[in-house]
1. Let me spell it out: the conditions are (1) polar (S, T, N, Q); (2) at pLDDT 85 or above; (3) surrounded by fewer than 18 Cβ atoms within 10 Å (Cβ to Cβ), and THR40 meets all of them except one. Which number is the exception?
2. So for the range 129-138 (the condition being closer than 14 Å to ARG29 by Cα and either surrounded by 15 or more Cβ atoms within 10 Å (Cβ to Cβ) or modelled with pLDDT of 85 or more (or both)), does at least one residue qualify?
3. Of the residues GLY79, GLY91, which single one is within 30 Å of ASP50 (Cα to Cα) and either in contact with a Pro (Cβ under 8 Å, 6 or more places away or on another chain) or at pLDDT below 70 (or both)?
4. If you go through the range 54-77, how many residues are open to solvent by less than 70 Å² (accessible area, probe 1.4 Å) and either not in a helix (DSSP H, G or I) or not hydroxyl-bearing (Ser, Thr, Tyr) (or both)?
Amino acid sequence: LIRRQRQMCIRDSSRTCVFTIGVLEDGTRFVAEVIVGRFTSPDTARLIVDRYNYWKHDVIFVENNSYQEALLQWLKDLGYSELPLKGIYTGEKKYSDRLGVPSLAIELQQGLWAFPPNDHSSSCTCGYCEFLRELRDYPMGKTDDTIMAWMFAKEAYKRTTELGVFSGSPLRVY
């Protein structure tokens, strides 16, 4: 698969979710990586640097601006003040038919998303398996952190295409 764009979204709730998507040349979006956990702010900053060094994201979105400021400070302290970090605030948009979680269903019906195969056991606790469980149980599940992070990643992609922010360089992913 050839990847054209990379976005990372960080959602901070009781758990932190780092959700990376890729976009193929034909516009198909795919889930590249999901990391979920309870991290301190410095650990979150180190995780962002680690994943950025691996993926070379075109843009990194952080769910809210106050947390974005804290992360910017931690990243600066680590010597990474030039990462493509931006805040994303959605508020009530997450429930909007056009902008929120319901719009993901439309994109799924349109075949805009591809999902990597999952041969993990049903008891697997990796981020991708957590995402698939939350997706299966939505909206009645106990948590929806990864789904919200996926929605933010979708919004990040939309914003980067509107702004023309992407490297355009293909990269072999699989």
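The values are calculated or read from the model by the stated rules, or taken from the named source; none is laboratory data. Predicted model, so just to flag it, every value in this text is computed and none were measured. Here Cβ is always computed from backbone atoms with ideal geometry, including for glycine, and neighbour counts include all displayed protein chains. Areas reflect the complete protein model, heavy atoms only, side chains present, ligands, DNA and RNA absent. Shrake-Rupley method; radii C 1.70, N 1.55, O 1.52, S 1.80 Å.
1. Just one mismatch for THR40, condition (2).
2. no
3. Of GLY79, GLY91, the one residue that is within 30 Å of ASP50 (Cα to Cα) and either in contact with a Pro (Cβ under 8 Å, 6 or more places away or on another chain) or at pLDDT below 70 (or both) is GLY91.
4. 14
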